[in-house]
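I have placed the structure first, in the form of structure tokens, so that the comments after it can refer back to it.
The values are calculated or read from the model by the stated rules, or taken from the named source; none is laboratory data. Here the structure is a predicted model, which means the values were calculated and not measured. Please note: Cβ atoms are built from the backbone with ideal geometry, for glycine as well, and neighbour counts cover all protein chains shown.
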């Protein structure tokens, strides 16, 4: 990379590796909004347009040929709910609806044509999904709405076995103790 970073987000879009945000040093007040792109064929890092929001500890994922970056923290140590995406053709970032909860250190995944975020500081074991057509985040699970026993019973009834909560086709397994989720 052209600039050393900690707490960055990374994703692959169009065969290129993107490094997004992070902090330039151990101090969080050096949070970045810069983005770099690695071209493996040329073996070179290039800068692309800056994100509109500086962030570290966020996550990135690709959906519909757009590079999304979600959440993280800013220089004032506030958890961010903001979300934006990068369009390669125009080299521009565009804001979309914010998540329901500010979070950092969370996970993201694309599943069945939707973008999911889960866990992270400030959001516990909650799970949200992004509806691109309506430009809104849906709180799939607040992580606090039922007791552990109720979740296990609901999970077994919905998923037909232990450890899962059915969401659409397939099963999303949420572990409250580890604040982690896996979609299968």
Picked from the range 50-60 (must be farther than 11 Å from residue 22 by Cα and touching a strand residue (DSSP E or B) at 6+ places or on another chain (Cβ under 6 Å)), the residue surrounded by the fewest Cβ atoms within 10 Å (Cβ to Cβ) is 52
Given the conditions (1) touching a residue at least 24 places away in the same chain (Cβ under 8 Å); (2) within 24 Å of residue 2 (Cβ to Cβ); (3) not in a loop (DSSP other than H, G, I, E, B), every one holds for residue 75 apart from (3)
Quick check on the range 1-21: of everything there that is in contact (Cβ under 8 Å) with a residue 60 or more places away in the chain, in contact with a strand residue (DSSP E or B) (Cβ under 7 Å, 6 or more places away or on another chain) and under 19 Å from residue 43 (Cβ atoms), which residue is surrounded by the fewest Cβ atoms within 10 Å (Cβ to Cβ)? 13
For the range 125-136, name all the residues that are touching a residue at least 24 places away in the same chain (Cβ under 8 Å) and surrounded by fewer than 17 Cβ atoms within 10 Å (Cβ to Cβ). 132, 135, 136
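Please verify whether residue 63 is touching a residue at least 40 places away in the same chain (Cβ under 8 Å) and either crowded, with 20+ Cβ neighbours inside 10 Å or under 16 Å from the mean Cα position of the chain (by Cα) (or both), treating the condition exactly as stated.
yes
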Looking only at the range 22-48, which residues are within 24 Å of residue 79 (Cβ to Cβ) and either out of contact with any strand residue (DSSP E or B) (no Cβ under 6 Å at 6 or more places or on another chain) or surrounded by fewer than 14 Cβ atoms within 10 Å (Cβ to Cβ) (or both)? 24, 25, 26, 27, 28, 29, 32, 33, 34
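Okay, residues lined up against (1) at pLDDT below 95; (2) closer than 21 Å to residue 117 by Cα; (3) in a loop (DSSP other than H, G, I, E, B); (4) touching a helix residue (DSSP H, G or I) at 6+ places or on another chain (Cβ under 7 Å):
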site: 3; (1), (2), (3), (4): yes, no, yes, no
site: 12; (1), (2), (3), (4): no, yes, no, no
site: 17; (1), (2), (3), (4): no, yes, no, no
site: 46; (1), (2), (3), (4): no, no, no, no
site: 60; (1), (2), (3), (4): no, yes, no, no
Lone unmet requirement of (1) outside any strand (DSSP E or B); (2) touching a residue at least 60 places away in the same chain (Cβ under 8 Å) for residue 69: (1)
